[in-house]
Ligand code: NIG
Ligand code: FE
């Protein structure tokens, strides 16, 4: 018998790899990685920890490739304004929206910000997310941007969640500084900070956020420093930045509610990962984009929560999968690939996570549903009954 740390038996496994679906099989983990995935009963391995999945669904840990998880305070009050008819942009123009989160995040100490964010990190794990990308962007000034990046790193080191840091210094223009002076900081010291403390840079190009011209300057400067690019674009209007980002070789372009044909072609050529964020359409009560053309073109389409206190205060990846199936043309299997392997591609980590394959990190979910259809059907319910993180079973 070969010794291992953990064996999951009697599992209905969706490997999200070339091995496909295994109706009844086992996953074996050792030293934080997957040692074997096979059909049938276990006759080769021994481990102290053996979990009988009782024919339930076993999946790779979810990868949430777009969040703004580190912020202080809440903006639940904005719900009432929006129910009374105010738009997201109206609230921002009044000094609310992102600016309200900036004020709260600046005022919080590093430890306060860490404690608030840690509660959310635990919630991610409870709902099956084992890796979360987190953006800065509620500082809009050097010291607070650095504080957010530090908290993202601390979450990685002091919780079971793996985090990936993205520098989103250009989230909106700050209210208390000359925009040109802030842009100058972003292009120099801001990018130096990103180079040291982040894996990606991102910019929000839209009405009420950065202009096309400033986006071009920022992304070009970031690329020259060798930083991998992401972009928020086409949420409210297509300003041309999606095509620009693809032409600059961006790893992902996110939101994509409004994209023209030339931009679609540019993304296809560049291999830029399209990331859809259906929680925003749900919470802002706007139209869902149709993902079918992107899926049919063979692009590695990803889905994420975009967790943030204003446009999607939900951390549930299964909820996003349900929205994508019911409103955006995904099949349940496509939605699963979008929150695992393709989301890992959007983070350049698909060699490490996103599927149950020998040699990959042992991030594994045991669900209390029998198949992906069942998971989509039970929208809004937490269907995760066990989480394995790097071969260790976490009991929530
Ligand atoms: O991705 N759209 C820009 N940024 C966030 C919203 C951030 C906020 O409202 O706090 C987003 O939707
Ligand atoms: Fe976002």
Hits in segment 185-207 (condition: farther than 20 Å from residue 147 by Cα and surrounded by fewer than 17 Cβ atoms within 10 Å (Cβ to Cβ)):
207
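Of 266, 224, which residue is away from ligand 1 (no atom under 16 Å from the Cβ) and in contact with a helix residue (DSSP H, G or I) (Cβ under 6 Å, 6 or more places away or on another chain)?
Exactly one residue qualifies, and that residue is 266.
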Mind checking which residues of segment 233-252 are in a strand (DSSP E or B) and either away from ligand 1 (no atom under 13 Å from the Cβ) or without any contact (Cβ under 8 Å) to a residue 60 or more places away in the chain (or both)?
233
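Being more than 30 Å from residue 252 (Cβ to Cβ) and at pLDDT 95 or above is the filter here, so list the residues in segment 49-79 that pass it.
49, 50, 51, 52, 53, 54, 55, 56
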Consider residue 175 carefully, then state whether it is within 16 Å of ligand 1 (Cβ to nearest atom), over 21 Å from residue 272 (Cβ atoms) and outside any helix (DSSP H, G or I).
yes
What pairs come up if the first residue lies in segment 253-264 and is farther than 19 Å from residue 66 by Cβ, the second is within 15 Å of ligand 1 (Cβ to nearest atom) and modelled with pLDDT under 95, and their beta carbons are under 6 Å apart, counting only those six or more places apart or on different chains?
260/238
Are there any helices (runs of 4 or more DSSP H) wholly within segment 75-171 with 2 or more residues that are within 16 Å of ligand 2 (Cβ to nearest atom), and if so which?
88-93, 98-107, 110-126, 142-158
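Say whether the condition of being touching a residue at least 40 places away in the same chain (Cβ under 8 Å), part of a strand (DSSP E or B) and either away from ligand 1 (no atom under 16 Å from the Cβ) or under 30 Å from residue 285 (Cβ atoms) (or both) is met by at least one residue in segment 19-29.
yes
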Picking from 314, 281, the residue that is within 14 Å of the chain's Cα centre (by Cα), under 30 Å from residue 99 (Cα atoms) and either at pLDDT 95 or above or in a helix (DSSP H, G or I) (or both) would be 314
Within segment 339-396, count every residue that is surrounded by 16 or more Cβ atoms within 10 Å (Cβ to Cβ), touching a residue at least 60 places away in the same chain (Cβ under 8 Å), touching a helix residue (DSSP H, G or I) at 6+ places or on another chain (Cβ under 8 Å) and not in a loop (DSSP other than H, G, I, E, B).
6
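Is there a residue being more than 16 Å from ligand 2 (Cβ to nearest atom) and in contact (Cβ under 8 Å) with a residue 40 or more places away in the chain anywhere in segment 206-214?
Within segment 206-214 (the criterion being more than 16 Å from ligand 2 (Cβ to nearest atom) and in contact (Cβ under 8 Å) with a residue 40 or more places away in the chain), the answer is yes, since at least one residue qualifies.
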Residues of segment 127-148 being surrounded by fewer than 24 Cβ atoms within 10 Å (Cβ to Cβ), in contact with a helix residue (DSSP H, G or I) (Cβ under 8 Å, 6 or more places away or on another chain) and under 18 Å from residue 108 (Cβ atoms), in sequence order, are 139, 141, 142, 144, 146, 147
Could you say whether any residue in segment 220-230 is surrounded by 17 or more Cβ atoms within 10 Å (Cβ to Cβ) and within 25 Å of residue 114 (Cα to Cα)?
yes
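The values are calculated or read from the model by the stated rules, or taken from the named source; none is laboratory data. These numbers come from a predicted model, not from an experiment. Every residue, glycine among them, receives a Cβ derived from its backbone with ideal geometry; neighbour counts consider all protein chains shown.
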